[in-house]
Amino acid sequence: MDSRFRGNDDGGRDSPRFRGDADCLSLQLDSPTSASEVTIMLGDLVERWRIQAMRALQGWATEKRTLRGLPVTLVNTRPDIDSELVFKRLDAALALIQQYRPATFAQLLQDFSRIQVVRYPCRAAFYPDSRTCLVELTFSVNPEFTEAQIASSIVHEGMHAHVFAMGKSDPTGRPDEERLCRQAELEFGLAIPDGEAIVRRATESLQLDDEDVAPVIDWQQAQQAIAEVDARATSRGREDGNQSSRS
């Protein structure tokens, strides 16, 4: 499901048992301390290190460009994905919207502050607070999906952005808003050549009931699944690299 999601980053760096920053970390233990408490505290420390390492990786892996008037930020945390291919396919997707739905494209320029390509649990999303359209990293380069399907997801999120810009976004009316987005996808699919897959998906979604057209997602479980997939991909990349160096 393409979804709207208000993210909140836990930026707090202090806890009752932890004080530190990126350069200096210290673990403070109260005495007496049980083995289970130590395990919990160490787990918390490792998790904080992991978050700091991920933020550093994202900073290193970030590239910014402007495509057809839209600022684009790519956070490529997957060494097996070619950043140039991401930008190429995203530009082609935007070109389709610009050519076949020029009014929609003009509206995107007004309602989006930027597009961000990043690992995410679904194809695309819209963050109202920053007016950011997210496009999922692996979706953007998956050969099973066409540039038109990428464009369709951007059109979908563009409708979320437009509803928000008009001040009509209502959490209690999510199914109705989701149907507006699917209708925008349907119209886009009908306007472009070879848009059958887009039309079919949008039509099927429009026939769903309220619960299914706007399902509730377990974000924690989805993020865990992403982490496991990325770990396997990174491991395969290292194995391929080792085999190449031995050849």
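Brief remarks on what is shown
- Relative to the Cα centre, the charge distribution of segment 70-175, modelled as +1 at Lys and Arg Cβ and -1 at Asp and Glu Cβ, gives a dipole magnitude of about 220 debye.
- Of Val213, Val117, Val135, the sequence from fewest to most neighbouring Cβ atoms within 10 angstrom is Val213, Val135, Val117.
- The trypsin sites (Lys or Arg not before Pro) of segment 123-180 meeting both criteria, a DSSP state outside H, G, I, E and B (loop) and at most 15 other C-beta atoms within 10 angstrom of the site's C-beta, are Arg131, Lys168.
- Ellipsoid semi-axes for segment 66-215, based on the Cα gyration tensor and the rule √(5λ), read 22, 17, 16 Å when sorted largest first.
- Ala227 versus Arg131: modelled label distance in nm, points set 7 Å from Cα along the beta carbon direction: 3.4 nm
- Projection of the Cα convex hull of segment 122-204, averaged over all directions and equal to a quarter of that hull's surface, yields 5.6 nm².
- Applying the Karplus relation 6.51 cos²θ - 1.76 cosθ + 1.60 with θ = phi - 60° to segment 70-84 yields 3J(HN,Hα) values of 9, x, 10, 10, 9, 10, 9, 8, 10, x, 8, 10, 7, 4, 5 Hz, where x marks Gly and Pro.
- Mean separation of Cα pairs under 8 Å and 6 or more residues apart, divided by the residue count, gives segment 66-215 a relative contact order of 21 percent.
- Residues whose placed amide H lies under 5 Å from that of Leu67, excluding near-sequence neighbours: Val72
- Sequence-distant residues sharing a close amide H with Leu134 (under 5 Å, placed H): Gln116, Ala125, Phe126, Tyr127
- Taking Thr66, Thr138, Thr203 and counting other C-beta atoms within 10 Å, the order from fewest to most: Thr66, Thr203, Thr138
Laboratory data are not the source of any read-out in this text; all were calculated from the coordinates shown. This structure is a prediction, so every number in the text was calculated from the model and none was measured. Methodologically, a virtual Cβ is constructed for each residue, glycine included, from the backbone with ideal geometry; neighbour enumeration extends over all protein chains shown.
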